[in-house]
Amino acid sequence: MQSFNIAFGFWEGFVLLLYFNVRKTKLSLLSPNVTYSMSHHHFILHKPYGYLSQFIYELKRKKKLLGELHDFPEGTMAIGRLDEDSEGLLLLTTDGKMSEIVRSKKVDKEYYVQVDGIITQEAIDKMKNGVEIGFNGTKYNTKPCESSIINDIPCFGIRGKKIRDERHGPTSWASITVNEGKFRQVRKMTAAVGFPTLRLIRVRIGKVYLNDLKAGEVLEVENFNVNDNSNSNFKNQKI
């Protein structure tokens, strides 16, 4: 059952009734019978390489921020974060409750990683079972996760900064799906098994997929059905 906070006011002879709940605020004119609705906004973004997952940066060094990519409404926040040198799916919202749902450990996050060298099944299995990484100055064992080798090279386009000179040796791709988010965890996991990450792209959050959204593109949606298989807007497509 939803609960509301109610406030009354007067405007040009009309009685104003304000309803407040978690999802939206409604302004109703009791006479005549007119209702206005102010709903939250939700966005899917393909964060490009070199951008911070934030709107404000107070240090002196100039950084690229999310506000440069789209005219987001006031109060928009990024749900979670991607490092400056990471790319891919980033969800944004004006709804704090929605942010909590998406950041929940019940919602998986899948990453495609390009690593230095030809990754082995042995390394994949180690990551599946959990590996030891450094976190906040201490050792931490990651939780079991899903991981697999990607045989077909994903087509994400050229990154803003070149990965490295091809003469330095071969690279390969892997998929890693986690439901925890320690600082630079995925990068530390691949390094722990001997295959440092050269490029990291988040492709899925729950049932929301990056699909063919290009770097820097923004898509406004009605909501994030992170646990809903039936939502056609978010069904997986081959990348």
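The numbers here are math on the coordinates, done by the rules we state, and not lab data. As the structure is a computational prediction, the values presented were derived from the model and not from experiment. Cβ sites come from the backbone with ideal geometry, for glycine too, and all protein chains shown count toward neighbours.
Given the pairs LYS60/LYS106; LYS64/LYS143; LYS109/LYS162; LYS109/LYS139; LYS63/LYS126, which span a C-alpha to C-alpha distance of over 27 angstrom in this model? Check vs 27 Å cut-off fails for LYS60/LYS106; LYS64/LYS143; LYS63/LYS126. Our coupling estimate for the stretch 95-102, obtained by passing each phi through the Karplus curve with A = 6.51, B = -1.76, C = 1.60 and θ = phi - 60°, is 10, x, 5, 4, 4, 4, 5, 5 Hz, Gly and Pro reported as x.
On the basis of the beta-carbon distance and an R0 of 30 Å, LYS128 and ILE163 show a calculated FRET efficiency of 0.75. The stretch between PHE55 and SER39, if pulled fully straight at 0.36 nm per residue, gains 3.6 nm over its current Cα-Cα span.
Taking a straight Cα-Cα cut-off under 19 Å and skipping sequence neighbours fewer than 8 places away in the same chain, the aspartates and glutamates within cross-link reach of LYS182 are ASP83, GLU84, ASP85, GLU87, GLU100, ASP108, GLU110, GLU132, GLU146.
THR76: net charge of surrounding residues, Cβ under 11 Å, Lys/Arg +1, Asp/Glu -1, itself excluded? Charge balance near THR76 sits at -4.
Just add up the charged neighbours of THR171: K/R +1, D/E -1, any other residue whose Cβ is under 13 Å from the Cβ of THR171.
Numbers: positive: ARG159, LYS162, ARG164, ARG167, ARG199; negative: ASP116, ASP165, GLU166.
That sum, taken over residues with Cβ under 13 Å, equals +2.
For LEU91, what is the net charge nearby, where nearby means another residue's Cβ is under 14 Å from its Cβ and Lys, Arg count +1, Asp, Glu -1? Here the count lands on +1. What the phi angles of the stretch 157-167 give under the Karplus curve with 6.51, -1.76 and 1.60, with θ = phi - 60°, is a coupling list of x, 6, 6, x, 10, 4, 4, 4, 6, 4, 5 Hz, glycine and proline written as x.
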